[in-house]
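**Student:** There's a structure below that I have some questions on.
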Amino acid sequence: RGLTWHGAQQEINQDCLEVGDTWLIKAKFKLVLKGTNTPVSCDPSMEWGDVECPAVNIYALSPSKDLQIHHRVRNTIETAWNGNILNQYEATFEVNNEMKNAERLVAFIDRVNPSRDVIIDDFSITKA
């Protein structure tokens, strides 16, 4: 993983989606120095930079239309990051026309500095 947005991905089946529906993303994340088990902290309030925490993006792709739309889904759990444990992540997104009609829809882990590895547990996307 050489860039912050080259994280784990999950295809989303758009047949399950209806415009206007709300979906809940839950996960647990822990950061460690790349190639080690050494815990690393991050700052949940940061939007950009080297110390931001993992986030989920919903990526609507329609290559035939040269369309790529990112929908960043912010963590609604506002607690300080504890580098020694798996930290809770919870966020919702509302399905829009771009998501429903894209040729591909992907959820991916974003905002992880390439000098760090992210440990992911209990990742789920369910209808809210």
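For (1) of a type in the set (D, E, K, R); (2) at positive phi; (3) in contact with a helix residue (DSSP H, G or I) (Cβ under 9 Å, 6 or more places away or on another chain); (4) without any contact (Cβ under 8 Å) to a residue 60 or more places away in the chain, each residue gets a yes or a no:
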| residue | (1), (2), (3), (4) |
| --- | --- |
| GLU47 | yes, no, no, yes |
| CYS53 | no, no, no, yes |
| ALA60 | no, no, yes, yes |
| LYS65 | yes, no, no, yes |
| GLU78 | yes, no, no, yes |
| GLU94 | yes, no, no, no |
| ARG116 | yes, no, no, no |
| ILE120 | no, no, no, no |
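**Student:** Shifting gears a bit: Does PRO63 satisfy the criteria of being under 15 Å from the mean Cα position of the chain (by Cα) and modelled with pLDDT under 90?
**Tutor:** no
**Student:** Enumerate the strands (runs of 3 or more DSSP E) found wholly within segment 1-118, keeping only those where 1 or more residues are buried (at least 18 other Cβ atoms within 10 Å of the Cβ).
**Tutor:** Numbers: elements: 9-11, 22-33, 55-62, 67-73, 87-94, 104-110.
Counting at least 1 such residues, we get 22-33, 55-62, 67-73, 87-94, 104-110.
**Student:** While we're on this one: Scanning for something among the charged types (D, E, K, R) and farther than 27 Å from MET99 by Cα, does segment 32-47 turn up at least one residue?
**Tutor:** First pass over segment 32-47, keeping only residues among the charged types (D, E, K, R): 34, 43, 47.
Checking the rest, the ones that are also farther than 27 Å from MET99 by Cα come to 34, 43.
Scanning segment 32-47 turns up at least one residue that is among the charged types (D, E, K, R) and farther than 27 Å from MET99 by Cα.
**Student:** Residues of segment 26-85 being β-branched (Val, Ile, Thr) and under 23 Å from ASP121 (Cβ atoms), which ones?
**Tutor:** First, pick out the residues of segment 26-85 that are β-branched (Val, Ile, Thr): 32, 36, 38, 40, 51, 56, 58, 69, 73, 76-77, 79, 85.
Within segment 26-85, VAL32, THR36, THR38, VAL40, VAL51, VAL56, ILE58, VAL73, THR76, ILE77, THR79, ILE85 qualify.
The values are calculated or read from the model by the stated rules, or taken from the named source; none is laboratory data. Small disclaimer: the values here were computed from a predicted structure and weren't measured. Heads up, the Cβs are rebuilt from the backbone with ideal geometry, glycines too, and the neighbour counts pull from every protein chain shown.
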